[in-house]
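Take a look at the structure below.
Just so you know, all these numbers are worked out from the coordinates, no wet-lab data involved. Computed from a predicted structure; not experimentally measured. All Cβ positions, even for glycine, are placed from backbone atoms using ideal geometry, and neighbour counts span all protein chains on display.
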Amino acid sequence: MKNIFKSHHPVRHAKSFKYAFSGILHAVVNEANFRVQIFITIVSIVLGFYYHITTIEWAVLILALGFLLAAELINTAVEEFIDHLVQEHHEGAKVIKDLSAGFVLTAAVTTLLIMLLIFL
């Protein structure tokens, strides 16, 4: 029973947030695409306030932008993992990285379409 409470200790939770923010900071510093997507997120938020979008539109926009940023973080993790695992060119590694990039492209196109629906 003591182990159950130990795994949910507030200090352990605080450390997990520290690690999460460290990962986001890594993406901000090392991934140009992530910085562009943060810029898009900021512009979208400013436009949302400017155009006084509805609560439903805010919800959809936040979900889309969050999905886009999360997709880029996943892509970064996959690429980092593959780069550390496979040192030379390998067709299987290329396919995995291409699929991960395709995931981000899908998220980006979806987000763009949602932004067009809301702001146009």
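Please turn the phi angles of the stretch 68-76 into ³J(HN,Hα) values with the Karplus equation 6.51 cos²θ - 1.76 cosθ + 1.60 (θ = phi - 60°), one per residue in order, whole Hz, x for glycine and proline.
4, 5, 5, 4, 5, 5, 5, 4, 4
As a test of the formula, what do you get for the chain when each DSSP H run with n ≥ 4 contributes -39,500 (n - 2.57) and the sum is divided by the residue count, at 222 nm and rounded to the nearest 500 deg cm²/dmol?
On the way: 5 runs with 106 residues, N = 120.
Rounded to the nearest 500, the figure is -30500 deg cm²/dmol.
Counting only other residues whose beta carbon sits under 14 Å from that of I96, what net charge do I get with K and R as +1, D and E as -1? Before the final figure, lay out each step's value.
Details: positive: K94, K97; negative: E79, E80, D83, E91, D98.
After counting each charged neighbour, the total is -3.
Taking the beta-carbon count within 10 Å as an exposure proxy, list Y51, Y19 from fewest neighbours to most.
Numbers: Y51 11, Y19 8.
Ranked by crowding around the Cβ, least crowded first: Y19, Y51.
Taking only C-alpha pairs under 8 Å that are 6+ residues apart, what is the relative contact order of the chain in percent? Let's see the in-between values first.
On the way: 52 pairs, mean separation 35.9, N = 120.
Computed over the chain, the figure is 30 percent.
Please build a GNM for the chain, connecting alpha carbons under 10 Å apart, and tell me which residue among S100, S22, S44 fluctuates the most.
Maximum among the listed residues: S22.
Taking R0 as 35 Å, what FRET efficiency do you get between V60 and H89 from their Cβ-Cβ distance, rounded to the nearest 0.05? All intermediate terms of the calculation are to be shown ahead of the outcome.
Values: r = 41 Å, r/R0 = 1.17.
Efficiency computed from Cβ-Cβ geometry: 0.30.
Please give the contour-minus-distance gain from I82 to V109: 0.36 nm per residue of separation, less the Cα-Cα distance, rounded to one decimal in nm. Write down the numbers at each step before the final one.
Details: separation 27, 0.36 × 27 = 9.72 nm, distance 2.49 nm.
Length gained between I82 and V109: 7.2 nm.
Taking the Cα centre of the chain as the origin and placing charges on Cβ (Lys, Arg +1; Asp, Glu -1), which of A93, T110, A59 is farthest toward the positive end of the dipole?
Most positive-ward Cα: A59.
Compute the distance in nm between two label points, each set 7 Å from the Cα along the Cα-to-Cβ direction, one at F17 and one at V36.
3.2 nm
Size of the dipole of the chain about the Cα centre, Lys and Arg at +1 and Asp and Glu at -1 on the beta carbon, nothing else charged, in debye to 20?
With Lys and Arg at +1 and Asp and Glu at -1, about 740 debye.
Within the set of other residues whose C-beta is less than 14 Å from the C-beta of I38, count the net charge using Lys and Arg as +1 and Asp and Glu as -1. Let's see the in-between values first.
Details: positive: R35; negative: E31, E72.
Around I38, the surrounding residues sum to -1.
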